[in-house]
Amino acid sequence: MLLLVALSIVLSPAAVTSEKKNTGSPAAQLSNYSWISLPQQHLPYFFHNNKRVAKQCRLDPFCPFKASLQDVSLCWGYEKNCDLKKCFSYPVCTKADSGWARSLEAAQELFWKQADFGYVKERLSELKTLCKANTPDGSSLKCSKHTRFCKATNLYLDLRNPRRSQERYREDFIQTGEIGGSCRLNKQALAAEGDHKSPLQSWYAELQSYVEMNYDPSEHCDIIVEKPTIFMKLDAGINMYHHFCDFVNLYISQHINNSFSLDVNIVMWDTSFYSYGDLFSETWRAFSENDIIHLKTYDSKRVCFKDVVFALLPRMRYGLFYNTPLISDCSSEGMFRAFSQHVLHRLDIAQAGPEEGRVRVTLLARSTEYRRILNQAELLNALKTVPLLEVSVVDYKYKDVPFLEQLRITHNSDIFIGMHGAGLTHLLFLPDWAVIFELATTPRLGTTPSSPTTLLKWASSCVSCWRQWITSHDTLNGRVASFMMNFKRLSCTGNLEL
C-alpha cells in the first residue's frame with residue numbers, strides 16, 4: 001500500500017513548485033523529487049550537472065533515483081572536464097570533406113559543434129557579462145555572441161507606453177530607459193554584439209536600449225515576477241517545421257541554463273496586437289506547466305523579472321534546425337534524439353512496439369496541391385502485397401487528428417513514408433528502429449530543399465543506420481515497382497524482416 005502511495009506521488013502530473021516542510025515520511029521524502037520530470041536515460045546526466053541534488057538523493061533512503069547515481073560521470077559533452085567517451089553521443093563520419101576538415105577526427109569535432117552538444121559548449125564559452133551587479137542582490141546581464149542567448153537578473157521592463165502595431169517584432173518597441181537594471185553596464189561590449197540584429201536572429205533590438213540604473217528597480221515596479229521567465233520570439237506556429245525551430249532552440253536554451261523545471265513562465269515577445277496561431281500548442285506542456293503568456297499581458301505596467309532567459313532564436317545565422325550548413329558524410333543521434341526523448345516523456349507518449357510478426361507502416365498523406373502522392377492508391381495496393389505489413393494512411397489535419405494523437409501514431413510506426421515537406425518533421429519522433437522513406441518529385445533529391453535531409457543527419461540512429469533516406473525515383477510518375485524494390489531492400493537493412 002505504501003508503495004502505491006509513493007508511486008502515485010512520483011507519477012503525479014503536477015510538479016512540486018516550492019519546498020515543503022519535511023515530515024520525515026516516505027511520501028513526503030518522495031515529493032521532494034517529483035519536480036524531476038526527465039526520461040530515465042537522462043537522469044545520470046542531470047545528476048552530473050546538479051551535484052547538490054545528487055548528494056541529497058544519495059543520502060536520502062527514500063530517493064527514487066538511486067539507480068541513476070551509479071555512474072554520475074556520464075555527461076552531455078559540454079561540461080568542463082567531460083570525457084568524450086562518457087558523453088551522451090558523438091558524431092560518426094564516413095570520410096572527411098576536404099572543404100571543411102582535413103581529417104576524420106576534425107570532421108567529427110566540427111559536426112559536433114555544428115549540430116550536437118558541442119553547440120551548447122560553444123554558446124557557453126561565449127557568455128560574457130555585459131552588465132555587472134553592484135551588489136549580491138543587484139541586476140546582471142550576460143549574453144553569448146551576437147546577443148543570440150542572454151540571461152538577466154532583476155530586469156526592469158517599462159511597458160507603460162507600448163508601441164504596438166501590425167509588426168510582430170518592431171525593433172523600436174523598447175526605447176532608452178524602458179529596459180535596464182541596477183548594474184555597471186559595459187556599453188561598448190553591448191554595442192559590439194549588434195551585428196546580427198534581426199527579428200528572429202538576435203535579441204539586440206530588444207537589449208540595445210538597456211540602461212544602467214543607480215537605484216533598485218523593484219522599488220519602481222507595478223509587478224514583480226518571482227518565477228523564472230523565458231522570453232521567446234516565435235516562428236510560424238502553423239507549420240510544424242518552423243514551429244519546432246522554436247521548441248528545439250528552447251530545449252537547447254535549457255541546457256545552456258542548466259534548468260529543466262516545468263515551473264517557469266514562457267513569455268512570447270510579440271510587439272503586435274495579434275494573438276499567436278498555434279497548431280502545436282500541446283507541445284508547450286513539455287516545457288512549462290503554466291499557461292504561455294503574451295507580452296501584451298504586461299502592457300501599461302512596469303514589470304520587474306527576478307530571473308530571465310532570452311532563449312536561442314529560431315532563425316539564427318548558423319543556428320540549429322534552421323540556417324544550418326552541415327559538413328557532409330557525418331551524422332549524429334545526440335541532441336535531437338535527446339530532444340525527442342524529452343518531449344515524448346513529458347507529453348506521455350508511450351511506445352507499444354515493436355511487435356513480433358507485425359510491421360506498422362504509416363503513410364503520411366497530404367491534401368495540399370504540391371504534396372499529394374498522385375498514385376497513392378497504386379502505392380497502397382503494392383504495400384499490401386508484402387506479408388506482415390499493417391499499413392495505415394494518415395492525414396495529419398489538426399482539426400481531425402489532435403497533435404498528441406499525431407505523435408502517438410508517428411512514435412508507434414516502424415516504417416514511415418511521406419512526401420518531402422514540413423510534415424516529415426514527424427521523423428524526429430520515430431522509434432530508434434524505424435525506417436523513413438522520403439518521397440520527392442524529382443529523381444535526385446539533391447535538387448530539392450534540404451530541411452528533412454538535415455533532420456535525418458541529426459535524428460538518425462547512426463550506429464545501426466536503421467532510418468534510411470531514398471529517392472522515390474519519381475514515384476509521382478508511376479514508378480511504384482522501383483519504389484517497392486528499394487522499400488524491401490532498405491527495410492531489411494533496418495532489421496525489419498519483410
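From the list GLU178, GLU167, GLU212, GLU122, the one residue that fits, being of a type in the set (Asp, Glu) and within 22 Å of HIS255 (Cα to Cα), is GLU122. Scanning the stretch 217-252 for residues that are crowded, with 18+ Cβ neighbours inside 10 Å and acidic (Asp, Glu) yields ASP235, ASP246.
Taking (1) buried (at least 19 other Cβ atoms within 10 Å of the Cβ); (2) of a type outside the set (D, E, K, R); (3) more than 23 Å from LEU326 (Cα to Cα); (4) at pLDDT 90 or above in turn, LEU430 satisfies each apart from (3).
Restricting attention to the stretch 233-247 and to residues that are under 14 Å from PRO199 (Cα atoms) and in contact with a His (Cβ under 6 Å, 6 or more places away or on another chain), the residue that is modelled with the highest pLDDT turns out to be ASP235.
A quick yes/no check of all residues on (1) among the acidic types (Asp, Glu); (2) part of a loop (DSSP other than H, G, I, E, B); (3) assigned by TED's automatic domain parsing to the domain that holds ASN214:
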{"residue": "LYS95", "(1), (2), (3)": "no, yes, no"}
{"residue": "PHE111", "(1), (2), (3)": "no, no, no"}
{"residue": "LYS132", "(1), (2), (3)": "no, no, yes"}
{"residue": "GLY138", "(1), (2), (3)": "no, yes, yes"}
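For (1) within 27 Å of GLU193 (Cα to Cα); (2) surrounded by 19 or more Cβ atoms within 10 Å (Cβ to Cβ), each residue gets a yes or a no:
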| residue | (1), (2) |
| --- | --- |
| TRP76 | no, yes |
| SER103 | no, no |
| ALA106 | no, no |
| GLN114 | yes, yes |
| PHE117 | yes, yes |
| GLU122 | yes, no |
| GLU126 | yes, no |
| LYS132 | yes, no |
| GLN175 | yes, no |
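Consider the stretch 173-211 and keep the residues that are outside any helix (DSSP H, G or I) and among the charged types (D, E, K, R). The one that is farthest from ALA311 (Cα to Cα) is ARG184. Condition check: in the same structural domain as GLY421 (by TED's automatic domain parsing), over 22 Å from VAL120 (Cα atoms) and in a strand (DSSP E or B). Does VAL391 satisfy that? Considered against the rule, which asks whether it is in the same structural domain as GLY421 (by TED's automatic domain parsing), over 22 Å from VAL120 (Cα atoms) and in a strand (DSSP E or B), VAL391 comes out as yes. For the stretch 276-312, a residue qualifies if it is touching a strand residue (DSSP E or B) at 6+ places or on another chain (Cβ under 7 Å) and of a type in the set (Gly, Ala, Ser), and the qualifying residues are SER288, ALA311. Among the residues of the stretch 283-321, just one is of a type in the set (A, V, I, L, M, F, W, C), more than 24 Å from GLN341 (Cα to Cα) and in a helix (DSSP H, G or I), namely LEU295. For the stretch 148-160, the count of residues that are in a loop (DSSP other than H, G, I, E, B) and farther than 20 Å from ASN249 by Cβ is at least one.
Selection of first residues in the stretch 252-269 that are outside any loop (DSSP other than H, G, I, E, B) and of second residues that are modelled with pLDDT under 95 and hydrophobic (A, V, I, L, M, F, W, C), restricted to Cβ pairs under 7 Å at least 6 apart or on distinct chains, gives the following pairs, ordered by first then second residue: ILE252/LEU320.
The values are calculated or read from the model by the stated rules, or taken from the named source; none is laboratory data. Remember, predicted model here, so these are calculated numbers, not experimental data. Backbone-built Cβ (ideal geometry, glycine too); neighbour counts: all protein chains shown.
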